[in-house]
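See structure below.
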Amino acid sequence: TQFGYDNLGRAQSIAITQTGAVQDDYLLGPGDQLIVSLRGQENNDFRATVDRNGQVLLPRLKPLSAMGRSLGNFRQDLEAAVRRAYVATDVVASVASVRQVSVFVTGEVNNPGQHVLGGLSSVIDALALSGGVRKSGSLRNIHIQRAGHDQIVDLYDVLASSGSPPSLRLADGDRIVVPPLGATVAVTGLVRRPGIYELSSRASGMTVRTLVALAGGKEVRGRYRLNVQRISPDGQIKLVTIGDENQVIGDSE
């Protein structure tokens, strides 16, 4: 079986529970609602929303730019503005509720189209809402097109825990494109997760050691006889013994 596709769910609404504090790296945008608390000589609480112009309006302060800026960066500007406008007053700002974002998902998904999600949603949430990726689609070469830039996301970093997860948070207007499946290799035998694995977008092959690691490792420690099945130029299928786990396995082997 092909690895990863059963983990992306079926088309359904995605509910992201807003619990705990929103992290400082969260990018603000129109529709985000903030709670601003002043404590000191001035004691007051304000609830403000990032408006369509991407600004936050608060009493006695000039409009503060928020759209596309991180919450942590916005806090710094807010603190500086409060120091100029108020005497002996500290400010605390937090996100009361996050906005909704609209993204367009296309390519090899079961339910392509425009989808609306919460501002804390990720690429995986959008793909789940789109019915998951078809087995004819790539999990390692997903494109996120945003403001003229193209970012490639490799879901194996999440599904196989094989590296650092990429930045998966969505922004309003993102376009997610799932291209056709790339080159693949397969492993079977005494491994924990036998299956068919896709090569990364720029790779022509994968070492036996890496492939076994993707498959969860060997079921039992020990020395094994490793073989690779190849098609010879005359069309015959041959089983070739592998003597080194550093040997590279190519497409369709």
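The values are calculated or read from the model by the stated rules, or taken from the named source; none is laboratory data. Predicted model only: the values in this text are computed from it and were never measured. All Cβ positions, glycine included, derive from the backbone under ideal geometry; neighbour counts span all protein chains shown. Side chains included, ligands, DNA and RNA excluded: accessible areas come from the protein's heavy atoms. Shrake-Rupley method; radii C 1.70, N 1.55, O 1.52, S 1.80 Å.
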Worksheet item: For the chain, what does -39500 (n - 2.57) per DSSP helix run (n ≥ 4), summed and divided by total residues, give at 222 nm, in deg cm²/dmol to the nearest 500?
Response: -3500 deg cm²/dmol
Worksheet item: Using a 1.4 Å probe, what is the accessible area per residue for the chain, in Å²?
Response: 56 Å²
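For segment 111-182, rounded, prolate or oblate, judged on the Cα gyration tensor with a ≥ b ≥ c (square roots of eigenvalues), a/c < 1.5 rounded, else prolate if a/b > b/c?
Details: a/c = 1.38, a/b = 1.20, b/c = 1.16.
It comes out rounded by the Cα gyration axes.
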Practice prompt. Enter the Cα centre distance for the pair segment 178-253 and segment 33-89, rounded to the nearest angstrom.
Written response: 56 Å
Practice prompt. Measure nothing but the geometry: give the 0 to 90° angle between the long axis through the Cα atoms of 71-85 and the longest principal axis through the Cα atoms of the chain, rounded to 10°.
Written response: 10 degrees
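Largest first, how would Ser200, Ser232 line up by accessible area (1.4 Å probe)?
Numbers: Ser200 45, Ser232 20 Å².
Largest accessible area first, the list is Ser200, Ser232.
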Worksheet item: Most fluctuating residue of Thr210, Thr106, Thr184 in a GNM of the chain with Cα springs under 10 Å: which is it?
Response: Thr210
Item to complete: Quick one, can you get me the convex hull of the C-alpha atoms of segment 24-138 expressed as volume per residue in Å³?
Response: 93 Å³
Fill in: Sequence of Arg47, Arg230, Arg209, Arg169 when ordered by accessible area, the most exposed leading, probe 1.4 angstrom
Arg47, Arg209, Arg169, Arg230
Response to the item:
Residue separation between Leu57 and Gln23 times 0.36 nm, minus their alpha-carbon distance, gives in nm 10.0 nm
Worksheet item: Top mean-square fluctuation among Gly40, Gly132, Gly118, Gaussian network model of the chain, C-alpha springs under 10 Å?
Response: Gly40
Worksheet entry | FRET efficiency, 1/(1 + (r/R0)^6) with R0 35 Å, evaluated for Arg202 and Leu239 via beta carbons | 0.75
Worksheet item: Ignoring ligands, DNA and RNA, what percent of the accessible area of segment 134-253 is carbon or sulfur (1.4 Å)?
Response: 49 percent
Practice prompt. Figure the gain on full extension for Ala88 and Asn43 (residue separation times 0.36 nm, minus the Cα-Cα span) and round it to one decimal in nm.
Written response: 15.1 nm
Response to the item:
Connecting every pair of Cα atoms under 10 Å apart in the chain and solving the GNM, the largest mean-square fluctuation among Ala203, Ala183, Ala66 falls on Ala203
Fill in: Dimensions in Å of segment 74-194 - Rg and Dmax from alpha carbons
20.0, 72
